[in-house]
Amino acid sequence: MKVDIKSLDLKELTAFVETLGEKPFRAKQIYQWLHVKQVASFEEMTNISKTLIEKLNEEAELVTLSVVEVQKSQIDGTRKYLFGLSDGNVIESVLMRYKHGNSVCISSQVGCRMGCRFCASTLDGLVRNLKPSEMLDQIYKIGQDIGERISNVVVMGTGEPMDNFENLLKFIELLTDENGINISQRNLTVSTCGIVPRMKELAEKNLQITLALSLHASTQEKRLQLMPVANKYEIHEVVNACRYYFEKTGRRVTFEYSLVGGVNDTDTDVKNLCTLIKGLNCHVNLIPVNPIKEREFVSPDTGVTLAFKNKLEKNGINVTIRREMGRDIDGACGQLRKRYMGQQKERLA
């Protein structure tokens, strides 16, 4: 089996180059081509000998994604990308433009097995994990497409990052390496629906990344209705893992809270949420749910969302309402991939 060269760190790449009978300094040259110049083939590495290029083609694979489709929002400049993988699977990523820079939201798996009720990503289950190279190349391809630097990365697209833990850690290492694209750990957010052992393990790594928990409910009973993972990890256990993350890293935790009209947007929900996260250095991101046709969930009225925010603030909790982006394109996680797969099935039928 060929070596996935883009998933190797510099030390591993040096060892690999030496197995090919080459001098160690070649590794740094190749690493630069892969992660700074972001070439799509070994032939583009102009300061590498033909012999070495031949060896690389024989022994290594250079993972590079193909752009299948790009949707551009006419409202806010958001772009949604559908990327093709070498095995025929497709994944999606989103570019969001903010005043503070370009942010990319990437997928960590093909599909997802977490089964959250309001999410399109999970409707067809998990196909496979993404390699570090496939996670990285989403960012590289988007940066190349817009010709601008990507300053922030969010691992919050399709998939549960903690369900692909080893590859996630390697991806973080490569993304934040000063020899590569060199994005600061502080500009990286990793989202989870609450896999407690992995959250604790991540805390032990003492990284400076932001942990975001998809909370979406104020009580265990309501969380069970929305998120099957709550069957395994009780809501207080998950919030305590967030407290542990803050204690270990000193990094403020983000709670993602999708507001579903009539389900988790009541005064009682506000009260319960304040009790649940009291005393924790955190930020609550309120997200009016993005409707998907396979589910009956709807966004609450704007007035309800604002009232929810104000009541949290009165209790001393930092909160923002996430600006809706990409509503005129397939904005919600998994929507574009789901539609594309449906069209492919129709063509084959």
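Every read-out reported here was derived from the displayed coordinates using simple, explicitly stated rules and does not represent laboratory data. Source: prediction; values computed, not measured. Here the Cβ is made from the backbone with ideal geometry for all residues, glycine too, and neighbour counts use every protein chain on show.
Computed over the chain with a Gaussian network model linking Cα atoms closer than 10 Å, the most mobile of SER299, SER133, SER191 is SER299. For HIS283, the residues 5 or more places off, or on other chains, whose built amide H falls under 5 Å of its own are VAL253, THR254, PHE255.
Most tightly packed first, judged by the mean number of other beta-carbon atoms within 10 Å of their residues, the peptides 160-166, 7-13 read 160-166, 7-13. Taken one residue at a time, the phi angles of the range 109-126 give Karplus couplings (6.51, -1.76, 1.60, θ = phi - 60°) of 9, 8, x, 7, 10, 7, x, 4, 5, 9, 10, 6, 5, 9, 4, 10, x, 8 Hz. Gly and Pro are set to x. 3J(HN,Hα) along the range 196-209: 4, x, 6, 4, 5, 5, 5, 4, 5, 6, 6, 7, 9, 8 Hz, from the Karplus curve 6.51 cos²θ - 1.76 cosθ + 1.60 with θ = phi - 60°, whole Hz, x for Gly and Pro. Against the chain, whose longest principal axis comes from its Cα atoms, helix 10-19 is set at around 30 degrees.
Relative to the first principal axis of the alpha-carbon coordinates of the chain, what is the inclination of helix 25-35, with its axis defined by its Cα atoms, in degrees from 0 to 90 and to the nearest 10? With rounding to tens, the tilt is 40 degrees.
With the helix formula -39500 (n - 2.57) applied to DSSP H stretches of n ≥ 4, the chain reaches a computed 222 nm mean residue ellipticity of -11000 deg cm²/dmol.
Annotation: lysines with alpha-carbon distance below 19 angstrom to LYS271 (same-chain offsets under eight excluded): LYS222, LYS309, LYS311, LYS314. Annotation: the antiparallel percentage among DSSP beta bridges lying fully within the chain is about 45. With respect to the chain, whose longest principal axis is taken over its alpha-carbon atoms, helix 302-314 is tilted by about 90°. Over every Cα atom in the chain, the radius of gyration and the widest Cα-Cα span, Dmax, amount to 21.1, 69 Å.
Label-to-label distance, GLU221 versus LYS50, with points set 7 angstrom from Cα along the beta-carbon direction: 7.6 nm. Checking the cross-link filter: which aspartates and glutamates have an alpha carbon closer than 20 Å to that of LYS200, excluding same-chain neighbours under 8 positions apart? Filter leaves GLU160, ASP163, GLU166, GLU173, GLU234, GLU237, GLU247, GLU256. Gain on full extension, evaluated as 0.36 nm per residue between ASN179 and ASN281 minus their Cα-Cα distance, stands at 33.4 nm. Based on the Stokes-Einstein relation at 10 °C and a viscosity of 1.306 mPa s, and on the Kirkwood radius from alpha carbon pairs, the range 3-61 is assigned a translational diffusion coefficient of 142 µm²/s.
Taking label positions 7 Å along the Cα-Cβ direction at both LYS248 and LYS200, the computed distance is 0.9 nm, reported to one decimal. Less than 5 angstrom separates the built amide H of LEU126 from those of CYS112, ARG113, all sequence-distant by 5 or more or on a different chain. Label the range 36-164 by shape, choosing from rounded, prolate and oblate, from the square roots a ≥ b ≥ c of the eigenvalues of the Cα gyration tensor; if a/c is under 1.5 it is rounded, and otherwise prolate applies when a/b is larger than b/c, oblate when it is not. Here the range 36-164 falls in the oblate category.
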